[in-house]
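Every number in this text was worked out from the coordinates using simple rules, so none of it is lab data. Keep in mind it's a predicted model, so treat the numbers as computed, not measured. Cβ coordinates were reconstructed from backbone atoms using ideal geometry, including for glycine residues, and neighbour counts include every protein chain displayed.
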Amino acid sequence: MFAEKPRRSTERVQRCKLVDRDPRISQSIDKVAVKVFAADLLGKHWVTPTFWSGAPSPTAGPYRRLSPSGRD
């Protein structure tokens, strides 16, 4: 199994999720939580803003829907 001897980077990530129980991993996996952490550590000007996260659909905002063919 890949957990014993990971060869690829994806296998290493899976191994970390399954075997390593470091509480910092769950914070670093969450896109919003890691941006808050980085902003506190480095400053807000170093963090790329997140335009959308959460329940509302991005199609409900300032975005428009394309037709199935990809043309308006």
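Provide the FRET efficiency to the nearest 0.05 for the T10-K44 pair, computing r from the beta carbons and using R0 = 30 Å.
Values: r = 32 Å, r/R0 = 1.06.
After rounding to 0.05, the efficiency reads 0.40.
Summing +1 for each Lys or Arg and -1 for each Asp or Glu among the other residues whose beta-carbon sits under 15 angstrom from that of R8 gives +3. If the segment from W52 to I25 were pulled out straight at 0.36 nm per residue, it would be longer than the present Cα-Cα gap by 7.5 nm.
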